[in-house]
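**Q** One structure, as structure tokens, below. Some questions next.
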Amino acid sequence: MPSSSSSPPQTSQDVMVLHRIIRFIAKLAAHSFFTEVRVIGGENVPKDGPIIVTATHHNMMLDPVILSVGFPHERMLNYWSKAGLFKHPVAAWILYSSGNIPVDRKSNDRQKLFKGTFQALAKGNAVALFPEGTSYTEPRIMQVKDGAAWAALEYTKWKKDHPELADQPEVRIVPAAIVYTNKSKYRSAVVMEFGKPIPASEYVEQFLSEGEGAARAAVKRMSRKIESELIETTINSPDCRLYTLLILIRDSLAAIIGLPFFFLPLIVHIPAYIMGRIGAKLVEEEEETQAQNKVAFGLISLLFIYSSAFFFLWALFWYTPLGALLSGFLVYLFAAYHTQMIDGNYERAKRFVAAWRVLVGVWTPRRFDLSLSALSQFMTPKTPAPNPWIERPRGPAKSESGDTPLVRSSSLTDLQLQKEPPVKTRASRRPPSRRLVRHVLRARVEAVNALASLFDQLEEAGSQKRIRSSPHLAQTFGETIVAQTVAEGAGEYGGSSEATEGYRAVKEVVAFLRQKGAKIPTLRHGRIQGNWAALSSEGEEYTTSDEKEGATLGSI
């Protein structure tokens, strides 16, 4: 590699001027899109010394933005970039100064592969990466690759060959879980939780041993530890309730009273809202990319809006130096006022719209409700397309007996290989909410009754009854942890490893939920029912008892 990529300029690497500028702009963008970036476990992040931050990756470019903006102690983060981008001296300076370090992915020599990483860690800097390898929309962590573990352990090996680094603290891996309350929605919130640091010293002895496959086994152990720490950093969802008519009236009055104060900033910022919506529409099938586009498109729009406002105000002050300061200050106040008004009114406006939809849907005549046959096409959640960068089990298809691989004919007459041309269909138009409200309320009742039945069965179970739990929760509450041997896969590095399963007593779980304030439904006094949602403006009756029972509302 050229010298420009092998040794970063001292000034750009240590000061990282562009990184500070980019982080400042990113902070403005993040706080204009999200209501809050909350940091939990900041005390787990060392203030100095070499660390490798392993973060979850579910929201494209916004993940490094949030990680850099909210990282504790305002430490500068270095991200991996393709080594070929560092060949030109000017490009190398820009990349180093903006917080990038080269990774030579084409090299089979890991000491060369992580050379830029070693140089950053040797200076006591922080390196950040996303071990899942790609951004995706899934309800759980799908994979944790071994790059972080390899980098940490190879650095420890490299450090032993450099006596001048003997007094430097050992490298530690800091897990970071980035959780979005609604990652593609404007004015949602972000919670970033940091787990306990994982010291590389616990795995070095096995990694440096001369046993066959020992190094890879140590890396796998460390990767599993990283994955378990990321899984443990979970966030509980907030409790949501159906608001009553009194709440609707209150929010209606509040919206009417506050509208004159919010009208001007709303009108001025409409272009930014429209551009953000356009950006989301461009990637409608990729939820993890929508917020990224909204922030980027909105930020560009705001630059034009605030620049125009600044020059307009400056013109009123006759382009004087003092007028420039006053104009800049007024634009800043206007932007802050807009953000405060959004935080105070946006959630209230959403509740207001939702409550009116429920009210209209409940009092609309039942003959306008969507039929069950027409409703069926909207009852299956849309499944995101498979991510090609997530590793999934591979293998040849086998015969029904499972003995021999299934070989398919390549004949042109083989109908199984003939792919039909894609049929272009128009996307189903979403029906008006008033035609869906009763179906939604009925489904809520059925869900609560099913949940109540489950809890009744759990409470009636004996004291020895246990349910499966995450190992870290079982360990926290002093319950059972069972070890079992699982296969890691076949091939050159195949083998087996020890995994654990946790179990908790049913009564302990129910008692824990009640202690935390959970309202646990029960069927001991009959099915949960309520009649107000079944009414309509025409006082319609139900033809069967089953229909009536299914349409009633629970006190949810």
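**Q** Express the relative contact order of region 16-116 as a whole percentage, based on alpha carbon pairs under 8 Å and six or more residues apart in sequence.
**A** Numbers: 89 pairs, mean separation 31.5, N = 101.
31 percent.
**Q** Using only protein heavy atoms and a 1.4 Å probe, report how much of His58 is accessible, in Å² to the nearest 10.
**A** 40
**Q** What dipole magnitude, in Debye to the nearest 20, does region 26-88 give about its Cα centre under +1 on Lys/Arg Cβ and -1 on Asp/Glu Cβ?
**A** With Lys and Arg at +1 and Asp and Glu at -1, about 260 debye.
**Q** Additional query: Report the accessible area of Thr134, computed with a 1.4 Å probe over the heavy atoms of all protein chains in place, in Å² rounded to the nearest 10.
**A** Rounded to the nearest 10, that gives 20 Å².
**Q** Report the Cα-based extents of region 309-381 along its three principal axes, largest first, to the nearest Å.
**A** So the three principal-axis extents are 69, 23, 19 Å.
**Q** Mind running the shape call on region 63-178? Use the C-alpha gyration tensor, a ≥ b ≥ c as the square roots of the eigenvalues: rounded below 1.5 for a/c, prolate if a/b tops b/c, oblate otherwise.
**A** rounded
**Q** May I pose another question? Over the Cα atoms of region 16-90, what radius of gyration and what Dmax do you get, in Å?
**A** Using the Cα atoms of region 16-90, the pair Rg, Dmax is 13.8, 40 Å.
**Q** Another question, if that's okay. What does the accessible area of Phe71 come to, in Å² to the nearest 10, when a probe of 1.4 Å is used?
**A** Phe71 exposes around 10 Å² with every protein chain in place.
**Q** Using θ = phi - 60° and the Karplus form 6.51 cos²θ - 1.76 cosθ + 1.60, what ³J(HN,Hα) does each residue of region 95-102 get, whole Hz, x for Gly and Pro?
**A** Computed from phi, the couplings for region 95-102 are 5, 5, 5, 8, x, 10, 10, x Hz.
**Q** Hey, another quick one. Taking only protein heavy atoms into account and a 1.4 Å probe, give the accessible area per residue of region 148-217 in Å².
**A** Accessible area per residue, region 148-217: 46 Å².
**Q** What residues have an amide H closer than 5 Å to that of Ser469, excluding those fewer than 5 places away on the same chain, when H is modeled at 1.01 Å from N in the peptide plane?
**A** HN-HN under 5 Å from Ser469: Gly502, Tyr503, Arg504.
**Q** Continuing with the same structure: In the structure shown, do any of Lys112/Lys159; Lys123/Lys157; Lys185/Lys225; Lys47/Lys159 have a Cα-Cα gap over 23 Å, and if so which?
**A** Check vs 23 Å cut-off fails for Lys185/Lys225.
**Q** If you don't mind, there's one more thing I want to ask. For Asp109, what is the net charge nearby, where nearby means another residue's Cβ is under 13 Å from its Cβ and Lys, Arg count +1, Asp, Glu -1?
**A** In short, +4.
**Q** Arrange the residues Arg366, Arg434, Arg187, Arg221 by how much accessible surface each exposes, largest first, with a 1.4 angstrom probe.
**A** In descending accessible area the options line up as Arg434, Arg221, Arg366, Arg187.
**Q** Show the residues, 5+ positions off or on another chain, whose built amide H is closer than 5 Å to the amide H of Val283.
**A** none
**Q** What residues have an amide H closer than 5 Å to that of Ile173, excluding those fewer than 5 places away on the same chain, when H is modeled at 1.01 Å from N in the peptide plane?
**A** It is Ile52, Ile198, Ala200, by chain and number.
The values are calculated or read from the model by the stated rules, or taken from the named source; none is laboratory data. Predicted model only: the values in this text are computed from it and were never measured. Cβ sites come from the backbone with ideal geometry, for glycine too, and all protein chains shown count toward neighbours. All accessible areas refer to the heavy atoms of the entire protein, side chains included, with ligands and DNA or RNA removed. Shrake-Rupley method; radii C 1.70, N 1.55, O 1.52, S 1.80 Å.
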